[in-house]
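The values are calculated or read from the model by the stated rules, or taken from the named source; none is laboratory data. It should be emphasised that the depicted structure is a prediction, and the values quoted were computed from it without experimental measurement. In this analysis, Cβ positions are derived from the backbone assuming ideal geometry, glycine residues included, and neighbour counts consider all displayed protein chains. Just so you know, the surface numbers come from the protein's heavy atoms only, side chains and all, with ligands and any DNA or RNA stripped out. Shrake-Rupley method; radii C 1.70, N 1.55, O 1.52, S 1.80 Å.
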Amino acid sequence: MSTLARWHAGFAVFIALTGCCIDCPAGAAEASMSFQAELPAYRVALHPDSELGPVPILDIYRNGLRMLRLPLVSALNSSDAHEHLTDIHYQTHAVEQGGAGERYEITATAVSTLWTQRVFHWRLYDDHLEFDQSAAGKGAIGRSFVFSNGRPGRWDKGQSDGGAWNAGLMADRYWSPSPNHANRFEHDIAEPQTLGFGGDVYSGTEEDYRPGQMIDLFSPPPLMLAFHESGEWAGVGIGTSPGQYRFPALEYSGSRYAGAAWWVDYLGYARMEDQPNGVFHSPVAAIHFGYSALDTLDHYTGWMRVRGFGTEASYPDVAWHHLPIFCGWAEQTSMATPYGRAPNAEATQANYEAWLAELDNRKLPIGTVVIDDKWQKGYGNFEVDRAKWPDMKGFVARQHKLGRHVLLWVPVSQADGLPENLCVQGPDGKCVAPKLAEPAYETFLRGRIHDLVENIGVDGFKEDWVWAPTQAGLPVPPQLAGMEAVRRFQQILYSETHRWRPDALVETQTPNVAFRDSSDVLRLNDVWYATRDIVTTMRTRADIAHISGWPLVDTDNASSTTLATWWTYMEAQPAIGIPALYFVHRTESTLEAPSDADWAALGALWRKYSVDMPSRP
């Protein structure tokens, strides 16, 4: 008898002993309602209620260790009211064997205080579990909760109906794929997390200085967290079809007095009446298991691809994309910030020409030049500031003759410099973003990109300052709410750039597989001033990018740290991704200058990298 056959035979006895209830109302006798299943990667036990309250609870075990205690149902708020659920019924049944590895399904229904119909789906596969929910009715949609019916309070049940209605976590730590300025990937389960934009926790002001919550470096990151205990890992993540990422983030409340909650917030932009057939379908949540954080992320990302929740690269790898990069940002800051001047004022043609001349004297084999903040008149209008750059076309042509390529730094969906008719007005009447859905804005933006690429000759763009709508009430169409706003801007930038230059390079900071089709290279992004273990930090960021679908990364730079830290990273860069240099004279924060020997060693390092580069994968 095969291993699988023995397992099915044993499981039949297991079910016969424990009982498996069909159409079970919560609160009935437990003897006839319990359901348990032993699958290859985990075990589950479904209880009709618990000591915490009358809601069916699903316990999830990994190698004998209980890791999660999850309610069978979750809430879906409207934009102005919180949902409460009663009269929960559920059914369990085995699924005929198929190639997907699905073994069991659990379907629950409930009576809602907001919606006319509520259905909850669980699917148990050999290696993971899935959950999603649906609803029908009328009204604007707010938070769609995952494994909870509300955001628990610090010392009470908060918005939820109590501990039984929220997730119980037996792990003591979790790992997040979202880098922060504290360089912490590991967190206590009590610490909240926002995977994306906005969130309830961090104000982002100078006074509210919490580097562990400064999370805009990957925007958005993969939408998952990996919880672990005693060497066992369980990843909790979500996915949906591209075009349906209409929320700014996946948010995690932190484990509180009444448990933990996850949610996405539609902010009232989506309405129930506008859903296909009048039925709202939530993103799918999945629980995967692994033996490390990155192993769990790999399982999650593979699932995203299989389920059609991600995208694939649009253009093949290009050799010149691998060439060493010089970006002038830290040189701009080091010559401006200590003297109270604005770094963006230093992004001039005269400065960049002088800096490149110095680097040429040091025999650094630079292949790509990034002109950083601010070469344009307005951050959002893509128009060259002729006062700073009187002859950008000539500058680019001279770099091309030297075998170099030129990228322009661009923020995402900025309004500065846009005509008023192309602006989204905020509550205060100020322009907060471009009208991404308007054909007039798309025509405007494509025209600017065409001029820069085809006429001036630039070779691509490096994205920064990624914006997404995180507040309710903006005149934003529901199809471009949340992350879809970022996807839309990036797709316009990417497609128009590649239309005029098929081998162009567009760098993004979006290591989420849903964004893979509009990105060539993933930039690892900024390093905060207090970073010391720079190599470990950036290798982890690179690992996240690789798993998410980006084999090539721009290593960015450690110029804001100490000279010793910077040099450690410069030595490690060729083994991580594209080497990058940000300054010419001295480091950004400590203002230390490399010696002639340092520059000679860097030149030798880059020349070796450039020789070896064609054989690199």
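General remarks:
- Theoretical gain in end-to-end length, E420 to S241 [0.36 nm per residue, Cα-Cα removed]: 61.1 nm
- Evaluated with a Cβ-only charge set (Lys, Arg +1; Asp, Glu -1), the stretch 53-134 carries a dipole of roughly 260 debye about its Cα centre, given to the nearest 20.
- Sorting 147-155, 518-526, 38-46 by average packing, meaning the other beta carbons within 10 Å per residue, from highest down gives 518-526, 147-155, 38-46.
- Rounded if a/c under 1.5, otherwise prolate or oblate - the chain, Cα gyration tensor axes: prolate
- For A270, nonlocal amide neighbours, meaning residues 5 or more places apart or on other chains whose placed amide H falls under 5 Å from its own, are I141.
- Here the extension length gained between E438 and S495 equals 18.8 nm, from 0.36 nm per residue of separation less the Cα-Cα distance.
- Considering only alpha-carbon pairs that sit under 8 angstrom and 6 or more positions apart, the relative contact order computed for the stretch 70-211 is 21 percent.
- Separation of the stretch 163-209 and the stretch 365-405, taken as the distance between their Cα centroids, equals 39 angstrom.
- Q117 paired with Q91, simple spin-label distance in nm, labels 7 Å along Cα-to-beta-carbon: 1.4 nm
- Partners of K138 within straight-line reach, counting aspartates and glutamates whose Cα lies under 18 Å from its Cα and excluding those fewer than 8 residues away in the same chain: D80, E83, D265, E273, D274.
- Percent carbon-and-sulfur accessible area, the stretch 271-369, ignoring ligands, DNA and RNA, probe 1.4 Å: 55 percent
- Ligands, DNA and RNA aside, K608 has an accessible area near 130 Å² when probed at 1.4 Å.
- Taking amide H atoms as placed 1.01 Å from N in the peptide plane, the amide H of V424 lies under 5 Å from those of V432, A433, K435, each 5 or more residues away in sequence or on another chain.
- The stretch 224-240 - phi-based ³J(HN,Hα) in whole Hz, Karplus 6.51/-1.76/1.60, Gly and Pro as x: 8, 10, 10, 9, 9, 7, 6, x, 9, 10, 9, x, 10, x, 10, x, 8
- Accessible surface of H181, taken over heavy atoms with a 1.4 Å probe and every protein chain present, rounds to 20 Å².
- Charge dipole of the stretch 327-375 (Cα centre as origin; +1 on each Lys and Arg Cβ, -1 on each Asp and Glu Cβ, all else neutral): 60 debye, rounded to the nearest 20.
- Residue by residue, the stretch 69-82 carries 3J(HN,Hα) couplings of 10, 10, x, 6, 10, 9, 8, 10, 7, 7, 6, 9, 8, 9 Hz when phi is fed to the Karplus relation 6.51 cos²θ - 1.76 cosθ + 1.60 (θ = phi - 60°); x denotes Gly or Pro.
- Whether the stretch 120-248 is rounded, prolate or oblate, judged on the alpha carbon gyration tensor where a/c under 1.5 counts as rounded: rounded
- Sequence of D80, D533 when ordered by accessible area, the most exposed leading, probe 1.4 angstrom: D80, D533
- Most positive-pole-ward Cα, L364, C423, L65, against dipole of the chain from beta carbon charges: L364
- Label-to-label distance for A182 and D156 is 2.8 nm, based on points extended 7 Å past Cα in the beta-carbon direction.
- Nearest-0.05 FRET efficiency for A357 and A593, computed from C-beta distance (R0 22 Å): 0.80
- For K388, the lysines whose Cα falls under 20 Å of its own Cα, not counting residues fewer than eight places away in the same chain, are K374, K377, K462.
- Residue list for the stretch 415-434, given a label point 7 angstrom along the Cα-to-Cβ vector of T205 and an amide N cut-off under 18 Å: 428
- Cut-off under 5 Å, modelled amide H: who pairs with Y104 long-range: V95, L124
- Residue (of L436, L408, T109) at the positive-pole extreme of the chain, dipole from beta-carbon charges: L408
- R0 of 45 Å, Cβ-Cβ distance K377-E571: FRET efficiency to nearest 0.05: 0.70
- The order of W500, W233 by accessible area, most exposed first and with a 1.4 Å probe, is W500, W233.
- The alpha carbon centroids of the stretch 489-552 and the stretch 49-128 are separated by 36 Å.
- Stretching the chain fully between T536 and D80 yields a gain of 159.7 nm (0.36 nm per residue, less the alpha carbon separation).
- ³J(HN,Hα), Karplus 6.51/-1.76/1.60, whole Hz, each residue of the stretch 147-152, x for Gly, Pro: 6, 5, 10, x, 7, x
- Most tightly packed first, judged by the mean number of other beta-carbon atoms within 10 Å of their residues, the peptides 297-304, 170-177, 437-444 read 297-304, 170-177, 437-444.
- Ranked order, H82, H187 - accessible area, probe 1.4 Å, largest first: H82, H187
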